[in-house]
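Structure, as structure tokens:
The values are calculated or read from the model by the stated rules, or taken from the named source; none is laboratory data. Given the structure is predicted, the values throughout are model-derived calculations rather than measurements. Neighbour counts are summed over all protein chains in view; Cβ atoms, including those assigned to glycine, are modelled from backbone coordinates with ideal geometry. All accessible areas refer to the heavy atoms of the entire protein, side chains included, with ligands and DNA or RNA removed. Shrake-Rupley method; radii C 1.70, N 1.55, O 1.52, S 1.80 Å.
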Amino acid sequence: MSKVKKSHITLRIDAKNLEKLRQEAQEKSLSTNVLINQIFDSYTSWHSYAPQAGMISVLRDLPVLLFDNMTFPELEKLAKKIITAKIHDIVLLLNGEFNFESAVSLAKSWLKVSGFPYRYETANSSYKLIMQFDMGKKWSFFIARCFEEMFHTIKEIKTQSEVTDNSVALILKKV
């Protein structure tokens, strides 16, 4: 693994904010420096461009309540419509290029900033993204369809998903 080049700067931070950062770092068993680097990473990989890409934050209950009134075919149609219309531009805006690696990076960034636990595994030309949502089967189904649509737009990628009430396992294979 290559070392990340580090730079040094001096910042002036509001005392209340610094104290909050120190407390959070301590609660997470991190140094304040590591926590601040995580914040910078989150900002530069997601928060600085997400609003321009049309991304917003909503309460978890909103999609759950909306999806409860939809059928699985309606959810599949919605996922296809959203992803077909927007995903290429979103990935380009957030990552500067559109390919397998940038799509995976987008998925992982979204999961991380949304607070959804996930695990990413690689083996040969197969990749597995396991995500836990705890938002019901319809949400899991919708997200699985969104990710499948996103990766279908990338040639030479075959997708397969397993959906439960709480999670999605997405298998990606380069062909």
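In summary, the aspartates and glutamates within cross-link reach of Lys80, defined as a Cα separation below 12 angstrom excluding same-chain residues under 8 places away, comprise Glu148, Glu149.
Surface listing: Val34, Val175, Val168 arranged by accessible area from highest to lowest gives Val175, Val34, Val168, probe 1.4 Å. What the phi angles of region 150-166 give under the Karplus curve with 6.51, -1.76 and 1.60, with θ = phi - 60°, is a coupling list of 4, 6, 5, 6, 9, 5, 6, 10, 10, 10, 8, 9, 10, 10, 10, 4, 10 Hz, glycine and proline written as x.
From the residues Ile56, Ile171, Asn17, which one has its Cα farthest along the dipole of the chain in the positive direction, the dipole being from +1 and -1 charges on Cβ of Lys/Arg and Asp/Glu about the Cα centre? It is Asn17. Relative contact order of the chain: 18 percent, from C-alpha pairs under 8 Å at least 6 residues apart in sequence. Exposure here means at most 15 other Cβ atoms within 10 Å; with trypsin sites (Lys or Arg not before Pro) in a DSSP loop as sites, the longest stretch of the chain lacking them is 61-154. What the phi angles of region 63-74 give under the Karplus curve with 6.51, -1.76 and 1.60, with θ = phi - 60°, is a coupling list of x, 4, 5, 5, 6, 4, 8, 10, 8, 4, x, 5 Hz, glycine and proline written as x. Report summary: the helix-based calculation at 222 nm, which adds -39500 (n - 2.57) for every DSSP H run with n ≥ 4 and divides by the residues of the chain, gives -16000 deg cm²/dmol.
When the Gaussian network model of the chain links Cα atoms closer than 10 Å, the mean-square fluctuations of Met150, Met55, Met131 top out at Met55. In sequence order, region 137-148 has phi-based couplings of 4, 5, 5, 4, 4, 4, 5, 4, 5, 4, 5, 4 Hz under the Karplus curve 6.51 cos²θ - 1.76 cosθ + 1.60, θ = phi - 60°, and Gly or Pro positions carry x. For region 44-160, the square roots of the Cα gyration tensor eigenvalues, ordered a ≥ b ≥ c, give a/c below 1.5, which places it in the rounded category. Among the listed pairs Lys112/Lys155; Lys16/Lys112; Lys77/Lys138; Lys5/Lys155; Lys112/Lys137, which are separated by more than 24 Å between their Cα atoms? Listed pairs above 24 Å: Lys112/Lys155; Lys16/Lys112; Lys5/Lys155.
For region 19-111, what class follows from the C-alpha gyration tensor (a ≥ b ≥ c being the square roots of its eigenvalues): rounded when a/c is under 1.5, otherwise prolate if a/b is larger than b/c, else oblate? Because a/c hits 1.5 or more and a/b fails to exceed b/c, region 19-111 counts as oblate.
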